[in-house]
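The values are calculated or read from the model by the stated rules, or taken from the named source; none is laboratory data. A quick note: this is a predicted structure, and the numbers were derived from the prediction, not measured. Virtual Cβ from ideal backbone geometry, glycine too; neighbours counted across all protein chains shown.
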Amino acid sequence: MYSKFVKRFLDIILSTMAIVALSPIYLVIAICVRVQMGSPILFSQDRIAKDEKIFKLYKFRSMISATEKNGKPLTDKERLTKFGTALRSTSLDELPELFMILKGDMSIIGPRPQPSFYLPYYKKEERVAHKVRGGLLPPDSLCKEVQCDWETQMKYESYYAEHVSFALDVKVVLCTFVILYKRMKYNYGADDRPMLHEYRAGTVSEKELEKWKEKGIEIR
């Protein structure tokens, strides 16, 4: 009852209220991003939705262009600005995701919606996380670590997908406040944890990667 009807109803009501209440903050951040980094104001990327469908996720941009004026490529660490780091540490860069929640691509609470090119690198038992909508507030906050490792994150996401309940969602929300406080002290926005396809590089066969490529999934 809760996971099928009540949770979605709460997503619609709470995301609508949040968008209206936070509209001045949206405007201020948009102006700051435009001044600090130029256009575009929003960063977009294909992400994994419920049932492994793909949707377009939007965040406030936190990095400058990928190359210098002379064409020299920059690393992600070089592209990340101080303002962008602050946005990430406070999670303010994720505010546009409220519109994805209202639309139905995401939920307020759920596994992190990861880039679509991560799909080939999920273990079979971890893909259970895609039975539910990805969320703005992830269940790995239950571990109370600012940045957990991939194995821990996948463990909590899989558990959440199999045990969705109002009580569990409340627990995730409470733990998220603790994590946000820690993030601001830890400077989480500057963290450079390896991406999943880098972390599990070499664990997926070329044949398996080719199958995903045939399904239209980008391979990295």
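Identify, by number, the condition in (1) within 18 Å of the chain's Cα centre (by Cα); (2) exposed (fewer than 11 other Cβ atoms within 10 Å of the Cβ); (3) modelled with pLDDT of 90 or more that residue 205 doesn't meet.
The one condition residue 205 does not meet is (1).
Does any residue of region 176-188 turn out to be outside any helix (DSSP H, G or I), touching a residue at least 60 places away in the same chain (Cβ under 8 Å) and surrounded by fewer than 19 Cβ atoms within 10 Å (Cβ to Cβ)?
The answer is yes, given that some residue of region 176-188 is outside any helix (DSSP H, G or I), touching a residue at least 60 places away in the same chain (Cβ under 8 Å) and surrounded by fewer than 19 Cβ atoms within 10 Å (Cβ to Cβ).
If you scan region 47-57, which residues turn out to be farther than 10 Å from residue 105 by Cβ and either free of Cβ contacts under 8 Å to residues at least 60 places away in the same chain or not β-branched (Val, Ile, Thr) (or both)?
51, 52
With surrounded by fewer than 19 Cβ atoms within 10 Å (Cβ to Cβ) and more than 30 Å from residue 162 (Cβ to Cβ) as the only criterion, which of 102, 87, 74 stands out? I'd like the intermediate steps shown before the answer.
Values: 102 fails: more than 30 Å from residue 162 (Cβ to Cβ); 87 fails: surrounded by fewer than 19 Cβ atoms within 10 Å (Cβ to Cβ).
Every option except 74 fails the conditions.
What are the residues in region 33-65 that are at pLDDT below 95, assigned to a helix (DSSP H, G or I) and buried (at least 16 other Cβ atoms within 10 Å of the Cβ), if any?
33, 37
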